[in-house]
Amino acid sequence: MTPPAKARVVIIGGGVVGCSVAYHLVKKGWNDVVLLERKQLTSGTTWHAAGLIAQLRATENMTRLAKYSQELYGNLEAETGVATGFRRCGSITVALSEERKEEIFRQASMARAFGVEIEEITPEEVKARYEHLNTADVVAGVYLPLDGQGDPANIALALAKGARQGGAKVLERVKVTGLRKTGRRVTGVDWQSEEGSGTIDCEHVVNCGGMWGHELGRMAGVNVPLHACEHFYIVTEYIAGLERLPVLRVPDECAYYKEDAGKILLGAFEPNAKPWGMAGIPDDFEFDQLPEDVDHFEPILEAAVNRMPMLAEVGIHTFFNGPESFTPDDAYHLGLAPEMDNVWVAAGFNSIGIQSAGGAGMALSEWMDSGAKPFDLGDVDISRMQPFQGNRHYLFERSKETLGLLYADHFPYRQKATARGVRRTPLHEHLKARGAVFGELAGWERANWFADEGQERGYRYSWKRQNWFGNAAREHMAVRENVGLYDMSSFGKIRVEGPDAEAFLNHVGGGDFSVPVGRIVYTQFLNERGGIEADVTVTRLSETAYLIVTPAATRLADETWLRRHLGDYRTVITDMTPGEAVLAVMGPNSRKLLQAVSPNDFSNEAHPFGTARDIEIGMALARAHRVTYVGELGWEIYVSTDMAAHVFETLEAAGEELGAKLCGMHMMDSCRIEKGFRHFGHDITCEDHVLEAGLGFAVKHGKPTFIGRDAVLRKREEGLRKRLVQFRLTDPEPLLYHAEPILRDGEVVGFLSSGNYGHALGGAVGLGYVPCPGETPEQMLGSSYELEIAGTRVKAEASLKPMYDPKSERVKA
Ligand SMILES: Cc1cc2nc3c(=O)[nH]c(=O)nc-3n(C[C@H](O)[C@H](O)[C@H](O)COP(=O)(O)OP(=O)(O)OC[C@H]3O[C@@H](n4cnc5c(N)ncnc54)[C@H](O)[C@@H]3O)c2cc1C
């Protein structure tokens, strides 16, 4: 069939993901859908997947998508007549250490909060369910009865058939060779086949190119950071008498096992993966495999023979090595590419593309159809990627690690070891010389904590108190009781300037930007549902210029949100992030310290909370913003990068007498959670209504118009369905991280959106939403609360006001 001249959407790539996107778009009533596959459907990565289809992921929405895939695949055969081989065989994960046990038991608690059926099981119960397993050193296990497995190629073909039945044109042996663009839109797709070539004019393009996704992205001027890696499994000869078995994961040995038709498939997620395709993916790649590498697989096999002794008795039927794409953070890329307004991406599936395809296709089609994300997709939203992450050398280095991380211990605060040091602040060497232990965010090296003289400078990971717990506690208390200095240069800084800057911001943001020069506005950008798209502080620098300060990781997403709403406003948007360094000076003695290095007046009268002033500091000029994310008196000093080191040295020298302490990001997070400050992406997302998040004070619904205003007014009428509550464990020992279930009067009602330790409050602190339809705050707080940690329920105090300094007296001191 010759491709048509026009289509509403062209989907590039006929793997499981492209087929799922086509299937879901026709279900939405899009009847002008074209899918182009350069070779045959499934001939890229899909055909050789192992076919494990699990439900549980690290966050609620990712779990929701994986569960959706499961349910979809369960019904596909009846709908399309294509046998998908899908069956709910259940899965077992075993722990070989106490730390891994804590991880899988914490996951079990989380699973229950996400509505996934799961059981914690003893080694004896593991043995009863999987008798071939050597359980001598198994510490514990978890069993998910509804996990499944299926035939990946047939799942893709069933989706393609469903798409065709709905009117989509699914064309094979048609290669996309180029994309035509006008401004921020693709207008046509150039194709080539054995019969000829042509162009399809279209309104939307979806890049479902798998490991080709990076290259296809470049055609559209879109950054799709991913790199192919070799991924291995073996399949044994037929084993007579082998009964049907659940999928088995032994992450401590980097291995998974799947029984299929009397054979065992053993797959590996080894720590040092082998990147592949550095010179591009060969043009003739079609149902291809890569060369065996027995030496590379040997350690996995050796451990497997010990784990499952029957493997020593059977021959290996197949040694398989196939490429799959991996992304810098092990999460796939989904959504509207920031660089363009009609180029969509669903690629880079990190070895879970089969289990993810159904949900990804559903979510993307809803987003494309309605123009808005159906729910928070922050974990996978392509706008989380930084431009530099498209660098191929970076991707090559990082991909060696990401494959193995899938089965590594997912310790809290775990830092990536590869591809580090790309973005450094002007204070990097200063901090390093003073004991900084760095973590990475969006490529930025950030001091997470400071080691003492002679102390090991690195992380010792654990689910219990890690080696830096005491350091961070001292930094925390220095900020609470004296003064701390920390480098916040990684903040995203977006300058919005022009004659219409005020009007534009008043349209896009919930705050009131008609303020005097020097005023700082803390607010949110809302979507039409009142959900939070960005959490920002905006400083009026002049009549016509504002500076938006936003978290490092969301700079691109926020800038994109602004650009997409710019319309005809005469305003220029510029990323100023690397231009200014930011040094935070926080704590009750911060005023004293600044006064020692600057002739300016830092009193409440001269420099009240929520204002910015130009200052002299040392021999430099800077701008001091009186704001805080740690809940203390303090200033953020914005200084051009060339003078940052001088300002740092000046403050450090003056701080010696006061005992000022260098602090890191762990301190910042533990302080902010004590004060109940929300963390964007965790506590507040595009699906959390600003009023339910408790941030109504930051949006001025009295303004005549702004995006999301109607939703704010509606919610005021209707009342809140849920509220963000702060919890503190009364037992000072247990630790909270994320997603621990919240129990109200003994019933699970939600889970934590973030957690950390409150060193001043003397216990772990968490934030989480609690449903409260029609209830008053008093009724909510009248209940008794517990948080579940790895299966144990721990009593918690609950509060709607910050437990630390509820009246903000310290901030305004
Ligand atoms: C050994 C192994 C085991 C795995 N096991 C599992 C598992 O158990 N469970 C699981 O969920 N996942 C598993 N995966 C991962 C899964 O296979 C992938 O994530 C998934 O197949 C990705 O699908 P896709 O559609 O994104 O990519 P692909 O299947 O590679 O599809 C992309 C398609 O785009 C086409 N294309 C590229 N460029 C163009 C162009 N210019 N024009 C037209 N078409 C183009 C390609 O030909 C290709 O067919 C495994 C992967 C491997 C390698």
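The values are calculated or read from the model by the stated rules, or taken from the named source; none is laboratory data. Small disclaimer: the values here were computed from a predicted structure and weren't measured. Here the Cβ positions follow ideal geometry from the backbone for every residue, glycine too, while neighbour counts run over all protein chains shown. Surface accessibility is based on the protein's heavy atoms, side chains included, excluding ligands, DNA and RNA. Shrake-Rupley method; radii C 1.70, N 1.55, O 1.52, S 1.80 Å.
Here are the numbers for this structure:
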read-out	value
Residue in the stretch 63-70 that is crowded, with 23+ Cβ neighbours inside 10 Å, in contact (Cβ under 8 Å) with a residue 24 or more places away in the chain and β-branched (Val, Ile, Thr) present	no
Search result, residues across the stretch 187-223 that are in a strand (DSSP E or B), within 14 Å of the ligand (Cβ to nearest atom) and either touching a His at 6+ places or on another chain (Cβ under 8 Å) or acidic (Asp, Glu) (or both)	190
Positions within the stretch 704-718 being touching a His at 6+ places or on another chain (Cβ under 8 Å) and open to solvent by less than 60 Å² (accessible area, probe 1.4 Å), in sequence order	706, 707, 709, 711, 712, 713, 715
Pair list, Cβ under 6 Å, 6 or more apart: the stretch 29-58 residue within 12 Å of residue 160 (Cα to Cα), other residue near the ligand (Cβ under 7 Å from one of its atoms) and assigned to a strand (DSSP E or B)	36/12; 36/174; 36/176
Test set (1) more than 16 Å from the ligand (Cβ to nearest atom); (2) closer than 20 Å to residue 256 by Cβ; (3) surrounded by fewer than 21 Cβ atoms within 10 Å (Cβ to Cβ) - residue 115 fails condition number	(2)
Subset of the stretch 34-66 (residues that are charged (D, E, K, R), touching a helix residue (DSSP H, G or I) at 6+ places or on another chain (Cβ under 9 Å), near the ligand (Cβ under 6 Å from one of its atoms) and outside any strand (DSSP E or B))	38
Sole residue being assigned to a helix (DSSP H, G or I) and either open to solvent by 40 Å² or more (accessible area, probe 1.4 Å) or closer than 28 Å to residue 144 by Cα (or both), chosen from 252, 288	252
Hits in the stretch 257-304 (condition: at positive phi and not small (Gly, Ala, Ser))	287
The stretch 118-176, subset among the acidic types (Asp, Glu) and within 12 Å of the ligand (Cβ to nearest atom), residue least open to solvent (accessible area, probe 1.4 Å)	147
Single residue of the stretch 407-462 satisfying the filter (closer than 24 Å to residue 57 by Cβ and part of a strand (DSSP E or B)) that is farthest from the chain's Cα centre (by Cα)	439
Residue in the stretch 380-387 that is among the polar types (S, T, N, Q) and part of a loop (DSSP other than H, G, I, E, B) present	yes
The stretch 782-803, residues that are outside any strand (DSSP E or B) and either open to solvent by less than 70 Å² (accessible area, probe 1.4 Å) or more than 19 Å from residue 675 (Cα to Cα) (or both)	782, 783, 784, 790, 791, 800, 802, 803
In the stretch 467-497, the residues that are outside any helix (DSSP H, G or I), farther than 18 Å from residue 651 by Cα and open to solvent by less than 10 Å² (accessible area, probe 1.4 Å)	490, 492, 493, 494, 496
Of all residues making up the stretch 762-805, the number that are more than 29 Å from the chain's Cα centre (by Cα) and not acidic (Asp, Glu)	12
